[in-house]
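Below is one structure, written out as structure tokens; comments come after it.
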């Protein structure tokens, strides 16, 4: 099966999500070292788990493309979900760095 444009864009968005989550992880790690609060630790753990999810998604986009099926609708749904994640993370980065 050929990799579709939707899968390619979804993969790029997952890569962008990884970069945004790395930035958030860095900020939250620095904050945790300073404040040692459970909330900041929870945010840090959230970002690390979410980053792992995106790394696994990128792996499956390239190595196991059949996981996402042969139906074009599945590719469009994955693209929509990755797009929503990217927008949500971009918003979170904005408010975190502000």
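Only the coordinates and a few stated rules stand behind these numbers; no lab work does. Note that the structure is predicted; figures quoted are calculated from it, not measured. Note that we place each Cβ from the backbone using ideal geometry, even for glycine, and neighbour counts take in every protein chain shown.
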- Note on the structure: With only helices counted (DSSP H, runs n ≥ 4, each -39500 (n - 2.57)), the per-residue ellipticity at 222 nm for the chain, to the nearest 500, works out to -30500 deg cm²/dmol
- Peptides ranked, highest mean first, by Cβ atoms within 10 Å: ranges 4-10, 37-43: 4-10, 37-43
- Message: Below 8 Å, C-alpha to C-alpha, sequence gap of six or more: please give me the relative contact order for the stretch 5-97 in percent.
- Response: 47
- Message: In 5 Å bins starting at zero, report the fraction of Cα pairs in the stretch 5-97 per bin as a rounded %.
- Response: 3, 15, 23, 21, 14, 11, 7, 5, 2, 0
- Query: Relative to the longest principal axis of the chain, what angle (0 to 90°, nearest 10) does the C-alpha long axis of helix 72-97 take?
  - Reply: 20
